[in-house]
1. Between the stretch 111-177 and the stretch 44-82, how many Å separate their Cα centres?
2. For an R0 of 41 angstrom, estimate the FRET efficiency from the Cβ-Cβ distance between residue 329 and residue 175 and round to the nearest 0.05.
3. Which FRET efficiency value, to the nearest 0.05, is calculated for residue 307 and residue 221 with the Förster distance at 45 angstrom and r the Cβ-Cβ distance?
4. Rank these for me by crowding, 320, 224, going from fewest to most other beta carbons within 10 Å.
5. Where is the GNM fluctuation largest for the chain (alpha-carbon springs, 10 angstrom cutoff): 86, 146, 237?
6. Say we join alpha carbon atoms closer than 10 Å with springs in a Gaussian network model of the chain; which of 114, 218, 313 then has the biggest fluctuation?
7. Once R0 is set to 25 Å, what does the formula 1/(1 + (r/R0)^6) return for the Cβ-Cβ distance between residue 194 and residue 60, expressed as a FRET efficiency to the nearest 0.05?
8. Compute the signed sum of charges (Lys and Arg +1, Asp and Glu -1) over the other residues within less than 15 Å, Cβ to Cβ, of residue 119.
Amino acid sequence: MNPSGFLSSGIQRIMRIASITKGEAQQDEKKTIRMLSQWMLPFMFLLWIIFLSFASPVFLTWGNLFNVTRQIAVIGILSVTQLLCILTGNIDLSVGAFVGLFGALLAGLSIKLGFPLAFLICVLIALLWGFTNGFLVTRGEGISVIVTLSTMYVARGITLLFTEGHPIVNFPMPFEFLGARNLGPVPYNLITFAIVLAVVFVILRYTPLGRHLYAVGGNKQAAKVCGINTKKLTIGIFMTSSMLVALGSVILLGRVASAQPTAGTGMEMDSMATVLIGGASMSGGRGGVISTLIGVFMLGFINNGLNLLGISGYWQYVFKGSIILVAVMVDLLKNRK
């Protein structure tokens, strides 16, 4: 081989080695970023728990811990609702407003028509509400945020019109025990939440329906090719969502014994935060019941800690909004190619 050919061959070999080394370095960097993003939120939460254990003498008492578990039932059920939507690549921003609407209608109609008829009417309204959300969402791609944001305002407006801005009290409530009573030492609302978790866990882990949800969220076009009716599935999920929200509203009514016109305000953000903290992806196809439960407890202790520290409610919005932002950033880092 002449000197020029030898030199050229050597340069090419060095470039290949450099390319391989660079590729390996990039892969190592991506793995490191993903690992850090995976443990970022749990590490921040651990620091928060350590800080609160020193900052508040009440935080680690059994009474406070038990109080947190009582408070997470409603937002926990709404989080499961949000998980089902997010798994399919959608989101339901109307869940908080519908908590208020369902509760107001159930309380007001119970006074006028009696509880059984009022409950039947409200259940039918919930099914129609979910069907409407699902039907509108399936009319286009990626419009669940727009549709449910619109219906959120509609629900809040109807609630204020129906209640005239005043709480509704002194209504018959056979399901009051779900929100205010215990079975032995365990609150009924926590038992109800556990049942919802167990049912959804079994569906997602062991049934074809669960696999279809992940498939639609992972790749909708591929799911269609495999014979999955994505429109029917999406409508069904939103109808299920509205029924779970109705259950959460009943628990809330039983706990506070009044239908507040502003009930459910901010719950759509809390439910979304818990699912994202739990590791679900906004693009769909990733998430689970156990991780969502962890997110529910994390947000529950964050809210509890902020209250114990006497942080203003205004600053709490800033704090929780920042948590959602961090969770979204973590999701982007996990999906970074």
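1. The stretch 111-177 and the stretch 44-82 have Cα centres separated by 29 Å.
2. Working: r = 40 Å, r/R0 = 0.99.
The formula returns an efficiency of 0.50 here.
3. On the way: r = 46 Å, r/R0 = 1.02.
Calculated transfer efficiency: 0.45.
4. On the way: 320 18, 224 14.
Going from sparsest to densest Cβ surroundings: 224, 320.
5. Judging by the Gaussian network model, the answer is 146.
6. The residue that fluctuates most here is 313.
7. Working: r = 23 Å, r/R0 = 0.94.
For R0 = 25 Å, the calculated efficiency reads 0.60.
8. Working: positive: 112; negative: 176.
Net of charged neighbours comes to 0.
Laboratory data are not the source of any read-out in this text; all were calculated from the coordinates shown. Nothing here was measured: the structure is a model prediction, and the numbers come from that model. Methodologically, a virtual Cβ is constructed for each residue, glycine included, from the backbone with ideal geometry; neighbour enumeration extends over all protein chains shown.
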